[in-house]
Amino acid sequence: MAAGARRILLKAYPRGVPRPEDFELVDAPAPAAPGPGEVLVETHWLSMDPLPRVRMDPAAKFPPPLPLGSVVVGRGVGVVRASAHEGFGAGDWVAGELGWQELALVPGAALRRVDPELAPVQTALGVLGPSGVTAWCLVHVAAAVRAGEHVVVAAAAGSVGSVAVQLAKLAGARVVGVVGGERQARFVRDELGADAVVDYRSATLDADLAQALPAGANV
């Protein structure tokens with residue numbers, strides 16, 4: 001095991017778009033051996049999500065702001081290096097809140113196993129992770145989309161929206177994706193298969209929606 005591990009700490013609360021100087025890359029001692037119920041994970045992939053940025057605000061209410069000098073939070077996928085939890089062993093791939101660090105010591109109860117034979121392990125942070133589960137529940141449970149319905153997906157190029165577009169299409173619906181810019185429009189229309197797209201930035205948004213949904217929307 002390495003003698004140390006790199007971590008990214010929050011050095012200053014960003015104003016607007018985070019800058020490199022808002023963070024600090026440090027070499028820290030390797031975590032101690034796992035205690036009862038803990039797992040030591042070597043991080044291989046990190047997910048860039050809105051929550052870490054929300055917690056970089058000193059006025060954040062819930063969840064609370066990150067203390068300056070702490071490891072930046074974030075979901076990750078990694079390999080178990082040592083385990084004192086009965087559910088995991090060395091060499092297992094896992095996903096969970098690992099933070100922006102090469103080695104993370106976390107409670108085993110907060111991790112889930114990842115099957116590298118099922119798909120690339122990084123998909124556990126997206127389509128086979130929280131984003132995909134959210135989209136599936138919205139399309140198949142909350143909205144119960146049926147064939148022939150007209151479905152509008154907001155933020156259609158995002159991690160949840162991009163999966164929702166495809167699930168709704170597979171369910172037989174006609175899908176209109178809401179996007180921001182031509183690049184997203186091409187992605188949602190040409191790669192995800194949406195039947196139409198509208199740009200929320202457009203000065204003619206109302207007319208564009210009416211044209212894309214002449215009979216209105218079911219969902």
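The values are calculated or read from the model by the stated rules, or taken from the named source; none is laboratory data. All figures in this text were calculated on a predicted structure; none of them were measured in a lab. In this analysis, Cβ positions are derived from the backbone assuming ideal geometry, glycine residues included, and neighbour counts consider all displayed protein chains. These accessible areas exclude ligands, DNA and RNA; they are computed on the full protein's heavy atoms, side chains included. Shrake-Rupley method; radii C 1.70, N 1.55, O 1.52, S 1.80 Å.
Pairwise Cα separations in segment 93-219 fall into 5 Å bins from 0 onward with the following percentages, short to long: 2, 11, 18, 18, 16, 11, 9, 7, 5, 2, 1.
Between residue 211 and residue 182, the modelled labels are 1.5 nm apart [label points 7 Å from Cα along Cα→Cβ]. Rounded to 0.05, the FRET efficiency of the residue 11 and residue 195 pair, given R0 = 45 Å and the Cβ-Cβ distance, is 0.45. Under the membrane-span-like helix rule (DSSP H runs whose alpha carbons stretch at least 15 Å along the helix axis, mean Kyte-Doolittle hydropathy -0.5 or higher), the chain yields 159-170.
What is the Cα centroid distance between segment 67-137 and segment 28-65, reported in whole angstrom? Here the two parts' Cα centres lie 11 Å apart. For the residues 131, 159, a 1.4 Å probe over the protein chains yields an accessible-area ranking, largest first, of 159, 131. Inverting the pair-averaged 1/r between distinct Cα atoms of the chain gives 19.7 Å as its Kirkwood hydrodynamic radius.
In a simple Cβ point-charge model (Lys, Arg +1; Asp, Glu -1; nothing else charged), segment 66-192 has a dipole of about 380 debye relative to its Cα centre.
Accessible area of residue 182 (1.4 Å probe, protein heavy atoms only, ligands and nucleic acids ignored): about 100 Å².
The P(r) of segment 1-131 has a tail past 27 Å containing 22 percent of all C-alpha pairs. Of all DSSP-defined beta bridges confined to the chain, some 80% are antiparallel rather than parallel. Measuring with a 1.4 angstrom probe and ignoring ligands and nucleic acids, residue 204 comes out at about 70 Å² accessible. Computed over the alpha-carbon atoms, segment 145-219 gives an Rg to Rh ratio of 0.94, Rh here being the Kirkwood radius from the mean inverse distance.
Charged side chains reduced to their Cβ positions (Lys and Arg at +1, Asp and Glu at -1) give segment 11-125 a dipole of some 440 debye around its Cα centre.
Report the residues of segment 73-104 in range of a label on residue 33: point 7 Å along Cα→C-beta, backbone N strictly under 11 Å from it. From segment 73-104, the list is 83-84.
Distance between the modelled labels on residue 84 and residue 70, one decimal in nanometres: 2.3 nm (7 Å Cα→Cβ projection). Counting only heavy atoms of the protein chains and using a 1.4 Å probe, residue 68 has close to 90 Å² of accessible surface. The listed residues 48, 56, once ranked by accessible area (1.4 Å probe) with the largest placed first, stand as 48, 56.
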